[in-house]
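Structure, as structure tokens:
No value in this document is a laboratory result; all are computed from the given coordinates. Only a predicted model underlies this, so the values are computations on that prediction, with no experimental measurement involved. Note that each Cβ is placed from the backbone with ideal geometry, even for glycine, and that neighbours are counted across all protein chains shown.
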Amino acid sequence: MKQIYILLVISLGVSTFSCSGSVERNVETEELVTDSSHVVTEALVIDEHTLSNYKDVVVSHCHLSLDVDFENEVLKGSVLHTLKNVSGAEVVIFDTKNLNIKSVLVDGTTAPFELGNYDELLGTPLQITINKDVNTVEIFYETTEGAEALDWVNPKLTAGKENPYVFTQGQSIFTRTWVPIMDTPGLRITYSADITVPPNLLAVMSADNPTEKNDQGKYHFEMSQPVPCYLMALAVGNLEFVPVDERTGVYTEPEMIDACAFEFADMGEMVKKAEGLYGPYLWGRYDIIVLPPSFPFGGMENPRLTFATPTIIAGDRSLVSLVAHELAHSWSGNLVTNSTWNDFWLNEGFTVYFERRIMEDMYGKDYADMLAILGYQDLIRSIDEESEADQALKLKLNRRHPDVGMTDIAYEKGCFFLKMIEEASGRELFDSFLKNYFLEHKFQTINTEEFVNYLNAKLLVPNKIAVNVEEWIYESGVPSNCPVIESKNFTSVEEQLAAFGTENNLDEINPLDWSTHEWLHFIRNMPPEFSNKQLEIIDSRFQLTQSGNCEIACAWFEKSIRCNYEAVDQNLEKFLVRVGRRKFLTPLYRALKESNRLDRAFEIYEKARPNYHHVSSHTIDELLGYSKS
Ligand code: BES
Ligand code: ZN
């Protein structure tokens, strides 16, 4: 069919400098839409979540010189940008948010700078006049209390309870709150850093890392492969390192190091399995740092050093799929990066697919199938919760925070889409396609439409495979050809639950060989009409309220809240006060709210909120309608 191109120019009209009267800048997203497919040309893709002019002036390297001041809870120092004025622009614009900008040097000479209007979502553009031959811009600054990326962890909330701790979380648009930078996944930079910390602490970054403290508390870092700046990361605390094998290892506080080393004993093997699937691991070392429980995510794929929550330390290695996930990002996300946050599923959907393939290679198909079914259940829940427009893989964030897109649509619908193509093409063809995809796009960014073109050109058209790609990517719901996964382990759990029935036949439940996944399936599948008496019977036999496994505890607490089983209340409070992982907080506070226990939710939240990272408190503030006053 003849394709008709329609040029849509959506002017978002962010007049960032209008009040200061100097410059008008419009952020434009330009979309080329055809009548039969969705095509966007790379040159026209502009990330709507940056105020920087990253296409006009291209930064190639950043050097950070920062002092970590725990007393005042600020990072202070400078960032030196090495850049090229590719368009002959008169100004360079960086993203900043809640930063205190002190002064600027352009090619070593003091230069004036201007801050635009503050935008709640995007922050404050920092504009500096440059000439066409400019080489460097150095910005001197301090972070403030409003640094959304930073978690200054109270010593009481660390494992050792004595030393302070700080860590950063850049994804998605938080790097601008600790570094003035062109904060877009559409630009890759190499970086280096000199970080000064109190001498009793160790600093680590998403770079090459020290394994021991030094007396000066001064650490130098190099990340010589280009990365999008949401992957710049820093953690400082009383850290130790233990190797797992020659290429992998664990950083954490001494109190946890043995438990973590035990939990992650398979890490070296995982990297090898991942390489066996989709090609060499290109980042040198692969280490993991286990952070304090306020870390708002399960894991974050900071290159060379995954940041992880301590809630995966279950004592039985049952939650290590998270390591497989963050490791898989070393290909999907870190090597091949979504161009904009609207293409987030390219990062996460591929990673979940890859994660399950690693898990299958490590622990067998039955294991991976259980993970896939739990994932499918999460997807159905997401479809229930999200508006139709947000159920498409390709997002239209339109001035909303990219965080809005962190749902199981991107993760699970994205993964099932790839699984569907795997089934249609056969595993062998699909694997070789994926391997080439990573190889041919390494250290590049890609958007959804470029991916679809590549998929058509390299896999679907040459092999005459006809599948409903457009429906999966641009439409709501779960298409009817979504792969169906079966698990005999889960069928057995369902049978046991049915046999428990309404007569509470406890002897029918034999969980001796159950993994965490079977327990989760068991709890999730308890019928909604279960009485609190029935929960009590199950609890007194299996001690779920006391579970030290955070996944099981969270699922059980949620079920208990919804069935008015109040015996969990004290442990629920302890859990919510200690753990800041948003994935656990959201369903628990939501269950309290929906069970008309908003008062109790507020009572707990008052105590817990100071312990949470901004990412989590922001979400829960909104969920509960909480305002500080
Ligand atoms: N990159 C994500 C975390 C993220 C996404 C942070 C979007 C900020 C914005 C990370 O790889 C991730 O997906 N973590 C998951 C764990 C995973 C096993 C699904 C999480 O934290 O729950
Ligand atoms: Zn991920």
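Values for this structure:
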item: Phi to ³J(HN,Hα) by Karplus 6.51 cos²θ - 1.76 cosθ + 1.60 over region 612-625, Hz, x for Gly, Pro; result: 8, 6, 3, 3, 6, 5, 4, 5, 6, 3, 5, 4, 8, x
item: Dipole of the chain, positive direction: furthest Cα of LEU497, GLY375, ASN532, with charges on the beta-carbon; result: GLY375
item: Dipole axis of region 267-346 (+1 Lys, Arg; -1 Asp, Glu on Cβ), positive-most option in TRP283, VAL336, VAL323; result: TRP283
item: Square roots of 5 times each gyration tensor eigenvalue, C-alpha, region 137-215, largest first, Å; result: 24, 17, 12
item: Selection from SER60, PRO303, PHE575 lying farthest towards where the dipole of the chain points positive, charges on Cβ; result: SER60
item: Computed E for ARG399/SER103 - FRET, C-beta separation, R0 41 angstrom, nearest 0.05; result: 0.80
item: Nearest-20 debye value, region 508-629 charge dipole, Cβ charges on Lys, Arg, Asp, Glu; result: 420 debye
item: Pair ASP621, SER480: separation of 7 Å Cα→Cβ label points (nm); result: 4.6 nm
item: Euclidean distance of C-alpha centroids, region 71-132 and region 200-229, integer Å; result: 24 Å
item: Using alpha carbons only: equivalent-ellipsoid semi-axes of region 219-284, gyration tensor based, whole Å; result: 22, 20, 9
item: Mean shadow area of region 57-238, taken as a quarter of the surface of its Cα convex hull (nm²); result: 10.4 nm²
item: Alpha carbon convex hull of region 488-624, projected area averaged over orientations, nm²; result: 8.1 nm²
item: Student exercise, region 137-282 dipole from Lys, Arg, Asp, Glu Cβ charges, in Debye to nearest 20; result: 320 debye
item: Alpha-carbon centroids, region 233-249 and region 370-425: separation in whole Å; result: 33 Å
item: Packing-based exposure ordering (other Cβ within 10 Å, fewest first) of VAL68, VAL58; result: VAL58, VAL68
item: Expected 222 nm ellipticity per residue - DSSP helices of 4 or more, -39500 (n - 2.57), all of the chain, to 500; result: -10000 deg cm²/dmol
item: Counting all C-alpha pairs of region 242-345, share separated by more than 20 Å (%); result: 35 percent
item: Helix 267-278 vs. the chain, principal-axis angle (Cα, 0 to 90°, nearest 10); result: 70 degrees
item: Shape parameters for the chain, alpha-carbon atoms, Rg then Dmax in Å; result: 24.7, 81
item: Inter-centroid distance (Cα atoms) of region 427-473 relative to region 478-496, Å; result: 27 Å
item: Residues whose placed amide H lies under 5 Å from that of HIS613, excluding near-sequence neighbours; result: none
item: Fewest-first sequence of SER492, SER330 by Cβ atoms within 10 Å of each Cβ; result: SER492, SER330
item: Cα-centre dipole for the chain with unit charges at Cβ (Lys and Arg positive, Asp and Glu negative), debye to 20; result: 480 debye
item: For ILE446, distant residues with modelled amide H under 5 Å away; result: THR337, ASN338, SER339
item: Pairwise label distance in nanometres, GLU222 with ILE509, each label 7 Å out on the Cα-Cβ vector; result: 5.7 nm
item: Relative exposure of PHE140, PHE522, PHE221, judged by other C-beta atoms within 10 Å (fewest first); result: PHE140, PHE221, PHE522
